[in-house]
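Okay, so here's the structure we're looking at.
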Amino acid sequence: MEIFGIPLQAFLGQLVLGLVNGAFYAMLSLGLAVIFGLLDIVNFAHGALYMVGAFAAWIMLDKFGINFWFALVIAPLIVGVLGVIIERTFLKRLYGLDPLYGLLLTFGLSLILEGVFRDQYGVSGQSYPVPDLLAGATNLGFMVLPNYRAFVVVASLVVCLGTWYLIERTRLGAYLRAGTENAKLVQAFGVNVPLMVMLTYGGGAALAAMAGVLAAPIIQVTPLMGSNLIIVVFAVVVIGGMGSILGSVITGLGLGVIEGLTRVFYPEASSVVVFVVMVIVLIIRPAGLFGKEA
Amino acid sequence: QSGPVKIGMITDMSSLYADIDGPAGAEMVKWAVQDFGGKVLGRPVEVLSADHQNKADVASSKAREWIDKENLAMLVGGTSSGTALAMAKVAAEKKRPFLVIGAGSARLTNEDCNPYTVHYAYDTVSLAKVAGSALVKAGNKSWYFLSADYAFGASLEADATTVVKANGGSVAGSVKHPLNASDFSSFLLQAQGSKAQILAMANAGGDFTNAMKAAKEFGITKTMKVAGLLVFINDVHSLGLSNTEGLQLADSWYWNQDDASRKFAKRFFEKYKRMPSSLQAADYSVTMNYLKAVQAAGTTDADKVMATLKGMKIDDFYNKGQIRASDNRMIHDMYLYEVKSQKDSTTPWDYYKLISKVPGEQAFTTPAESKCKMPK
Amino acid sequence: MTNDAKLIRITYFVLFALALVAPVIGLYPVFVMKLLCFALFACAFNLLLGFTGLLSFGHAAFFGFAAYITGYCIKSQGLPPEVAILAGTLVAAFIGLVFGLVAIRRQGIYFAMITLALAQMVYFICLQASFTGGEDGLQGVPRGKLLGMLDLSSDTTMYYVVLAVFVVCFLAITRIVTSPYGQVLKMIRENEPRAVSLGYEVDKYKLLAFVLSASLAGLAGSLKTLVMGFATLSDVHWSMSGEVILMSLLGGVGTFFGPVFGAGVVIALQDLLADKVGAWVTVIIGVIFVVCVLAFRKGVVGEVRAYLDRRRARA
Amino acid sequence: MTKEVLRIEGLHAWYGESHILHGVDVSVNEGEVVCLLGRNGAGRTTTMRAIMGLTGSRKGSIRIGGEESIKMAPHKIARLGVGYCPEERGIFASLSAEENLMLPPVIKSGGMSIDEIYAMFPNLKERASSPGTRLSGGEQQMLAVARILRTGAHLLLLDEISEGLAPVIVQKLAEMIRTLKARGYTIVLVEQNFRFAAPLADRFYVMEHGQIVKQFEQRELANNMAMLQEFLGV
Amino acid sequence: MPGDFILETRGLTKEFKGFVAVNNVDLQVRRGHIHALIGPNGAGKTTFFNLLTKFLPPTRGTITYLGDDITHEKPAQTARRGIVRSFQISAVFPHMTVLENVRAALQRNLGTSFHFWKPEQSLFHLHQRAEELLAAVDLQSFTNELTVNLPYGRKRALELATTMALEPDLMLLDEPTQGMGHEDVHRVTELIKKVSAGRTILMVEHNMNVVSSIADRITVLQRGAVIADGPYAEVSANPLVIEAYMGTADTQLAGAH
Ligand SMILES: Nc1ncnc2c1ncn2[C@@H]1O[C@H](COP(=O)(O)OP(=O)(O)OP(=O)(O)O)[C@@H](O)[C@H]1O
Ligand SMILES: Nc1ncnc2c1ncn2[C@@H]1O[C@H](COP(=O)(O)OP(=O)(O)OP(=O)(O)O)[C@@H](O)[C@H]1O
Ligand SMILES: [Mg+2]
Ligand SMILES: [Mg+2]
């Protein structure tokens, strides 16, 4: 059986792989969306934080022998703290200014982080082994899916759903949502909004770092791994609708799949298909798929 | 003329290929100058080095600036074909010897050859010929290519295809991946679907290591044999033997091939805590031989030095051979290696097992194949 | 007023005189030409950001694509340099029109993101199309003879041509900004709804600004190809768009001379530092970004102007 | 002796460059209802926002329950026991009515329970799960007031709560304010609707161009009508 | 007779996600009138203005200007037909001088607004007219002042001068006296009366002194719908209006003095 001239097998296989990539897009765009929603900042440094997360895991393993599972917890914490420091020292000064300044500042920060790691570790990349527990692969009939990749999809869905639950169903989430609409008023009710903003940025950074740790066993850990990805993730967020959490998760997964399928039909276009989709979406729905009309 | 003789090295110091050549490569040029005595024709030799960040524009403007402002006598070109082709244009225009080490594109001594550009180390043709013919002859008739989607990948694939077909093999298909792709799984899935015997990777650096890692993960190494068309020892090191075991690759030099090489490697290791790549060895060798040629010619005049250099027999720890007059291709032996398994590797960096040695005449473009029309 | 105006006039005069004698006093002409090309690029960008209030994160597309077109015209078609430059500029104007039509309806961050996405598509075209030489780019583009008589292969001749083009464009930008059209742009920047209510169709004005800016950016790219003899992927890469933003920001968005100053600093830094500090160039550029955004958002020239304004206000 | 809950002295406030308040003095005792009058743009809303720390910058002295709050962040001020109902209502669109109601954290004991609140505003109970901005204007206004009753704040700042509401709802709000006063709440009212505010307030301040121009008690109201017409155009 | 009415709306409605801000409004503005639109805060007056000037698309209904259906035109087109508005929140170009603000409006009819090659000097001949307009609103002494530095009331006056520069047939004024001191209010009232000669004015105004003294006709909006329409005397006696807007009958009506 064939779909568009592609054997069903290959088609299904690409679908699954697309989902794996989509899982990363979803996790990264989720953090970006949360940060944009609450801080009104397009966090260009997100890719760099993702990279730092991956490096943190690698360094922990290389220097201290800390394994993947601990890294999965510790690296996001470290990067979360880094995020908090960034928010306190830099971003804090930009609130109330044109959001473009936030974009430019975080762009500068990402250059700094990337440069520092380049100087320390070069660019050729470090290898991070797949954790033993997840080594091996499972034959799905239409393809051999490495266990670790399956784990990534599940883990990212859990994280995304968890974040979604936190934001849509808890009190803290209510503060966050209300804060995106009118932060000053929420603060006037007695909520420590500056603290919340700080933790949100930290949390977004931690999410990026977690994606980085998850990515480490799949790809080479290099200082440039983030900057290659961030532009695509931006596109995901814009397509999903800036600031829309569910939107960015669904769009992330969806675009992963679209990209995966493009690799079958027209591989050369796979790195640009996301941008084509973005332009089309924005022409038809200027606020993005899930965005609220301005 | 008096004043120092300036030689320059422009390579990738900070980007993708910084480890295989980079700052250490520039240091090798300095070592050669030191070992030569620091002086030639009674004038001190000064080494300039610069980072082109893997950008052709940076490389060519730097080369132009040095020649204009510093009156550079000779330029060593490091990694990446794009930058080397760019610098070759400048060298031809400004008439300065340009000795290419790190770049792979065979165009440097083929379509785009010029009287001042010498291609000294490996090239894409030799990689294809060495890895290709040996593998096909060993019975791996059907090939599938995973190629980086840019000029270098395309020419590597094209060169290898020619070799495979010439030896009676066939190409089952190929897939192009974007440069710096982070995810290779879907390309590999397509490769696996082809049921070919060989998965040939016509890419380099990070793309190669990522693809290799994924190939291992998806169990492709169990059903197909992977051939890396351009693999450096640093790539093998960063991937680890567990990911690369059994990989066949072509290279021009390996640190553990003879005593002279081991001696050089030991000195390198003491400084850098890693083994030199073939490029770093070549950087040393080319500088040394250039200085010898200057000495012999008794001048730094480009044309005279070029003539002397081409007439010289080159014989050192890196290679033995001669620069071919018709296209300035350095003809030397090439080797096919296989990456050892973890248990066969006895000492650190003991990674390769020699499979075969291919004489230079067979490894490189033959005069019959050459498209070089040397401009006068 | 007259005092400051005099000061500014004198400054420009001194700078111009300096530019005129630059090759004679031993400045490396290729470097100064490169600087002028990027200064023109930054001025073109600033026409949009500083004088219309639109942040484009895709200006590399105009610069880079025009660079390719010029290289292609000369190398593959054997066209004379003036035609090649004109072709590059026109093509950039056309791409600017297309970009503008898609992006102009959105504002702020969205505008930046859309231009970035569109520029990625141009990048992709440059990577894939056969005439661009892919990864290698177009190398060894000869300068040829201007109007069939002026041999540009001499750096000095080329230098004066570039200087002339730059000065003309710089003056053109000042004229655009102060023209009746420039007044409308200013209104749009200051209070867009009010401009609309006065009967100005702001989208059309913005579109024209976008096209003008794209054309000038294209001209800068074309010139650069001629000067340096190549067009490569880094000309169209998004980091080039980032660089031009840095130049404007550093010098002073919305000032005439700011982008020139910013371009000078950035190009000089890259040139001087690249060999000395390796990967730290990126770090240093990043730090400049951060410092600019945090400490002097008006840019160096902007801060100087603000200082003069304050002093005048006190006097 | 009556306790002074709020004392404002020489308050200046700015929005960016524009200087809006030019030295405002107000004092409010415990259990009192005080009304700020003035024409549009006189600076009443700005006074309220300045008390909450929401203006760009401010100077002078604001003591809440004896504690100086001029340098405090808004959330700290709220935690001194101040509940703020803004002029634009500030109902959150992405939260349901009930989430809106539950949003402000409890800052002191002694707030009303949910049941009490629903008893006071039965409509809100019915619409509890619909998104906040789907409520009618009147319901939104009730919600905006109701949600600060839960928190235990005893000093309430109510800005134009009768605005745009049908008279019957305005009547209800008047009742509510009386109830609150009876329960010991201290209330600062800003009102355009003089008819609504007149019978409720114990004391009146009249503002003009960011300054208090007049102050009088409920019983002096009649004597001041002429002046009010002059200032308010009512 | 349609010729009498310069502007007509039929069933004009604007909904925001289910919330009806303007509800089925049929309004007729007679040529040469000063027509006032009043109503409580949030009644939909500003939204109605936004619909007329195309800043918002209506959900339903039509707008007819001089017999032409202009419902689907763009804001700038409408403006060029001669419908010009002022804003509730003062709308000036803050970092341009007072003179330049007025010139910005005068410039439009020159037809050189796309001429990016012409020097600024080509606009200087407009200065005389601009100064006349500024004198009309008593701003002649501020000509070269940066607009940000003007006090609030002066900004409103400037806005009026700018609006008049367009020689509009129909002027839409959103609370022209808001934020002004007493004399300002008086002066602006006089000014409006003066400029109303030969043109039509539709204004939103809370100040009943102003409304009663110059409005020929009044429409009262409440919750987006028209609840009364007629001359001041009639409307101010309407119990619905008293209830919704002016307060109960026992309070002295503002217009009385
Ligand atoms: N965010 C702001 N930025 C600049 N100026 C403001 C801002 N908010 C209000 N103003 C100005 O401050 C002045 C006082 O406004 P305020 O809202 O305090 O008045 P008010 O007495 O509450 O009147 P009303 O609510 O009836 O309009 C007005 O002139 C207004 O234009
Ligand atoms: N963009 C919008 N989205 C949703 N609701 C809106 C929007 N604009 C206005 N509204 C609502 O429409 C109603 C009418 O608003 P409008 O500004 O027209 O009132 P108004 O009569 O001008 O009041 P005021 O006298 O206070 O100026 C208000 O309830 C307002 O909240
Ligand atoms: Mg108010
Ligand atoms: Mg209004």
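The values are calculated or read from the model by the stated rules, or taken from the named source; none is laboratory data. Model, not experiment: these values are computed from the prediction. Here the Cβ is made from the backbone with ideal geometry for all residues, glycine too, and neighbour counts use every protein chain on show. All accessible areas refer to the heavy atoms of the entire protein, side chains included, with ligands and DNA or RNA removed. Shrake-Rupley method; radii C 1.70, N 1.55, O 1.52, S 1.80 Å.
Antiparallel as a % of all DSSP beta bridges within chain B, to the nearest 5? Show your work: numbers first, answer last.
Details: 16 of 52 bridges.
Close to 30 percent.
So how much accessible surface do A and C hide from each other in total, probe 1.4 Å, in square angstrom to the nearest 100?
For chain A against chain C, roughly 3500 Å² becomes buried.
Springs join every pair of Cα atoms under 10 Å in this Gaussian network model of chain E, and among E:Ile192, E:Ile63, E:Ile242 the largest mean-square fluctuation is at E:Ile242. Packing, as the average of other Cβ atoms within 10 Å across residues, places the peptides A:46-59, A:146-159, A:259-272, D:55-68 in the order A:46-59, A:259-272, A:146-159, D:55-68, highest first. For the stretch B:206-287, the carbon plus sulfur part of the accessible surface works out to 51%, probe radius 1.4 Å.
When a/c reaches 1.5 or more, the comparison of a/b and b/c decides; with that in mind, is the stretch E:87-167 rounded, prolate or oblate per its Cα gyration tensor?
Because a/c hits 1.5 or more and a/b exceeds b/c, the stretch E:87-167 counts as prolate.
Amide hydrogen proximity for C:Gly254: with H placed 1.01 Å from N in the peptide plane, the residues at 5 or more positions away or on another chain lying under 5 Å are C:Gly50. Amide H contacts of A:Val42: A:Leu103, each under 5 Å away and 5 or more positions distant or on a separate chain (H built 1.01 Å from N in the peptide plane; Pro and chain starts excluded). For the peptides E:93-106, B:157-170, A:231-244, residues were scored by their other Cβ atoms within 10 Å and the scores averaged per peptide; the highest-first order is A:231-244, E:93-106, B:157-170.
For chain B, the relative contact order comes to 17 percent (Cα pairs under 8 Å, sequence separation of at least 6). Across the stretch D:7-16, computed HN-Hα scalar couplings (Karplus, 6.51 cos²θ - 1.76 cosθ + 1.60, θ = phi - 60°) run 9, 10, 10, x, 7, 10, 9, 10, 10, x Hz from first to last residue, x flagging Gly and Pro.
With contacts taken as Cα pairs under 8 Å and at least 6 residues apart, the stretch C:3-314 reaches a relative contact order of 32 percent. Take each residue in C:112-119, count the other chain C-beta atoms within 10 Å of its C-beta, and the mean is 6. For the protein assembly as shown, the fraction of alpha-carbon pairs lying more than 48 Å apart is 46 percent, rounded to a whole number.
Mean projection of the Cα convex hull over all viewing directions, computed for chain C: 17.3 nm². Legend: helices of chain C (whole DSSP H runs) are marked when their alpha-carbon atoms reach 18 angstrom or more along the helix axis and their mean Kyte-Doolittle hydropathy is at least -1.0; marked are C:2-21, C:29-52, C:60-75, C:81-103, C:108-128, C:155-178, C:202-228, C:238-251, C:258-277, C:280-294, C:299-314.
Rounded to the nearest 10 degrees, the angle from helix D:137-146 to the longest Cα principal axis of chain D is 80 degrees.
Note on A:Ile280 and B:Lys263: their simple-model spin labels are 6.6 nm apart, each label 7 Å out from Cα toward Cβ.
Chains A and B together bury roughly 2400 Å² of accessible surface, counting both sides and using a 1.4 Å probe on protein heavy atoms.
Applying 1/(1 + (r/R0)^6) with R0 = 30 Å to the Cβ-Cβ distance of E:Ala197 and E:Asp26 gives a FRET efficiency near 0.60. The angle separating the long axis of helix A:147-169 from the principal Cα axis of greatest extent in chain A is about 30 degrees. Once you have a ≥ b ≥ c as the square roots of the Cα gyration tensor eigenvalues for chain B, tell me rounded if a/c is under 1.5, and otherwise prolate or oblate according to whether a/b is larger than b/c. Because a/c hits 1.5 or more and a/b exceeds b/c, chain B counts as prolate.
Here the Gaussian network model covers chain E, with springs between Cα atoms less than 10 Å apart; of E:Ala130, E:Ala43, E:Ala237, E:Ala237 fluctuates the most. Sorting D:Asp202, A:Asp40 by accessible area puts them as A:Asp40, D:Asp202; the probe is 1.4 Å, largest comes first, and only protein heavy atoms count. Springs between Cα atoms under 10 Å define the GNM used for chain B, and in it the highest mean-square fluctuation of B:Glu70, B:Glu270, B:Glu93 occurs at B:Glu270.
How much net charge surrounds B:Val90 when only other residues with a Cβ under 11 Å from its Cβ are counted (Lys, Arg +1; Asp, Glu -1)? It works out to a net charge of +3. Enter the angle in degrees (range 0 to 90, nearest 10) between the Cα long axis of helix E:182-195 and the first principal axis of the Cα atoms of chain E, meaning the one along which they spread out most. Roughly 80 degrees between the two axes. Expressed to the nearest 5 percent, the antiparallel share of DSSP beta bridges inside the stretch E:102-231 is 50 percent. Peptide B:150-158 is shielded by partner chain Cβ atoms: per residue, an average of 2 of them sit within 10 Å of its Cβ.
Residue by residue along C:289-299, Cβ atoms of other protein chains within 10 Å of the local Cβ number 5 on average.
Both chains summed, the buried accessible area for D and A stands near 1800 Å², from protein heavy atoms and a 1.4 Å probe.
Which helices of chain B meet both criteria: a Cα extent of 15 Å or more along the helical axis and a mean Kyte-Doolittle score no lower than -1.0, with helices taken as whole DSSP H segments? Membrane-span-like by this rule: B:22-36, B:81-94, B:124-137, B:151-166, B:205-217, B:278-297. Sorting the segments B:355-366, B:321-332 by their residues' average number of neighbouring beta-carbon atoms within 10 angstrom, most packed first, yields B:321-332, B:355-366.
What relative contact order, as a whole-number percentage, does chain D give when Cα pairs under 8 Å and 6 or more residues apart are counted? Relative contact order of chain D: 28 percent.
Of B:Tyr120, C:Tyr110, the residue with the largest accessible area leads and the full order is C:Tyr110, B:Tyr120 (1.4 Å probe).
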